[in-house]
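The structure under discussion appears below in the form of structure tokens.
Each reported figure results from applying straightforward, stated rules to the coordinates on display, with no laboratory input. Note that the coordinates shown come from a computational prediction; the quantities given were computed from them, not determined experimentally.
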Amino acid sequence: MARVVVVHGIGQEYVGRRSLRDPVAAALADGVELAATAGDITDPALTPDDIDVAFYGDAFRAVGRKGEPPAPRSVADLTDPYEQALLEALAAAAAPTADPAARATTKAPTPRSLQRALNVLLRSPFLPGPVAERFLLGVLRQVRRYFTDDTVRARAAAAVDARIGPDTTVLVGHSLGSVVAYESLCARPDRPVRTLVTLGSPLGMPALVFDRLRPAPAAGHGHWPAGLDRWTNLADRNDVVASVKELSPLFAPRPGTADARPGAVLRDIPVANGWKAHDALRHLTARETGAAIGEGLVAAR
């Protein structure tokens, strides 16, 4: 089994584990090599077989039978309260870098306020270039389904279970995949994973993500996965999904608590991904990401 397992983010329902694995493995190996060449880490000697992908995107793919709810075509189809709230929260995070005049929102979403929020995101670094409105609306639906549909949540957890083996010591989660990775580690403390790396993570987003985690946060603080030695969280300053850039105040192990492992640490590190702030491959090729992954691999020797 692989030494490193990567859990992908949203919008991957039309691919598969193998089609994701090759570009992900190449980008990850490049990031680790860059960090090793720069002297940040000792070269962990990665091979292609050391890297795998936990794939759960098929949980969101429509089965094509009659009676399936149609995918939203425009913001007018956005009627679910969670999806409306998530759209406005992402737009609020994007407004400082996209359209400051659009920060104002109403207490109750209206068609006008939702359209304004959508326009902010379509012009933000989160979605560079021409992006179909339907794609963004589909993203909102996938996040909502993960947090409200136990079948989807269970399939995502099972995908991680299937790829983690006795040699897996580093787990990497991008975007919604960081939530899947975190919850999977919390649910299975018997795993050999000692290093968690989260990229563009929404884990700190209040109400819509943080307060819906399993296990539920206690007294405003998230649980530390038992057995984890190190957690590195990386975020681009323009990434609206990672609206809370620093996770250490919310998840860092607290001395004296039951889930605090001696010496365990959570580090928040900024990364610059250019005009694709949330892009998974740009995260993986970053020297900072390579150092975090390589550190975990070397520590496990």
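Which Rg and Dmax, in Å, describe the Cα atoms of segment 143-263?
13.6, 37
Rounded to the nearest Å, what's the spacing between the alpha carbon centres of segment 143-159 and segment 205-266? Just the number, please.
So the two Cα centres are separated by 20 Å.
When the chain is fully extended, how far beyond the present Cα-Cα distance does Asp167 get from Ala299, taking 0.36 nm per residue of separation?
Here the answer is 46.2 nm.
Given a 10 angstrom Cα cut-off, can you work out which residue in Val53, Val63, Val172 is the most mobile in a GNM of the chain?
Ranking Val53, Val63, Val172 by mean-square fluctuation puts Val63 first.
Pairs of Cα atoms under 8 Å, at least six residues apart: use those to get the relative contact order of the chain, whole percent.
Across the chain, relative contact order equals 25 percent.
In the chain, which helices (entire DSSP H runs) extend 15 Å or more along their own long axis, judged by Cα positions, while averaging at least 1.6 on the Kyte-Doolittle scale?
Passing helices, by number: none.
Tell me, Kirkwood radius of the chain from alpha-carbon pair distances, in Å?
19.6
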